[in-house]
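Peer 1: Take this structure, written in C-alpha cells, and hold onto it; I'll ask about it next.
The values are calculated or read from the model by the stated rules, or taken from the named source; none is laboratory data. Nothing here was measured: the structure is a model prediction, and the numbers come from that model. Counting neighbours? That spans all protein chains shown, and the Cβs are built from the backbone with ideal geometry, glycine included.
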C-alpha cells in the first residue's frame, strides 16, 4: 500500500517538476523568485478546480436543459472545444494575466514563458490528481508523458506571445498587445481542442493525428524555448 501511494505521488509530481526546472534553467538573465513562481503554480491549481466544476455543470446543463446526448458528435465537439479547451485555456490565461501583467518581475520577454509554464503546470498537476484518483496509475503514467508536456508546450507558445505583447504595451502599441495575446490564446485553445477531440474519438486515425500533434508541439516548444532564451532582452 505504501509503495502504491509513493508511486502515485511520483507519477503526479515528477513530470511537472522536470518540465518546470528545465524551463526555469533556460532563463539566462534575471531569474524569477521561486515564491512568485509558486504563487502562479497555485493559481494554476485553482484554475483547474474552477474548470472542473464548470465542465461538470456545463455538461449537466447541456444534457438536462437542452436534451443533448453525450454520445452524439455534436456533444463531443462542444464538450472538447468549448467546455474543456476554451474554458481551461481561458482560465489559465486569466490567472496568468492578473498574476503577472503589472508585476515588477515581468521585465524580460522570457519571463512570460516561465510565468505561463508555472501556471499551466499547476493546472496540469491538479488535473492529474483528479484523473489518478478516479482512474488509477495507468492513466497517470499516460498523462505524464503526453498531457502534462502538452500543457507545457501550449503554455510556451502562449508565453512567447504574452512576452511580445508586454513589449508592445510598453511601446504604446495597445492593438499589438491585444492581438498577440489573442493569437497566443487561440493557438493554445485550438491545439488543446484538437488534442482532446482526438482522444474522445478514439479511432486509429485520431490516435495517429494525436501522435503527430504531440511530436510537433514538442519540437516547437523546444525550439521556442532555446530561441527566446538566447534572444531574450529587457522590456523597455
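Peer 1: So in the stretch 57-76, with the set limited to residues that are part of a loop (DSSP other than H, G, I, E, B) and closer than 12 Å to residue 201 by Cα, which one is modelled with the lowest pLDDT?
Peer 2: Initial filter on the stretch 57-76 (part of a loop (DSSP other than H, G, I, E, B)): 65-72.
If we keep only those that are closer than 12 Å to residue 201 by Cα too, we end up with 71-72.
Details: 71: 82, 72: 87.
Out of the qualifying residues, it is 71.
Peer 1: Starting from residues that are without any contact (Cβ under 8 Å) to a residue 24 or more places away in the chain and surrounded by 16 or more Cβ atoms within 10 Å (Cβ to Cβ), keep the ones in the stretch 69-96 and report whichever is nearest to residue 154 (Cα to Cα).
Peer 2: 78
Peer 1: Considering the stretch 16-37 alone, what residues qualify as being touching a residue at least 12 places away in the same chain (Cβ under 8 Å) and under 22 Å from residue 91 (Cα atoms)?
Peer 2: Matches in the stretch 16-37: 16, 19, 20, 23, 36, 37.
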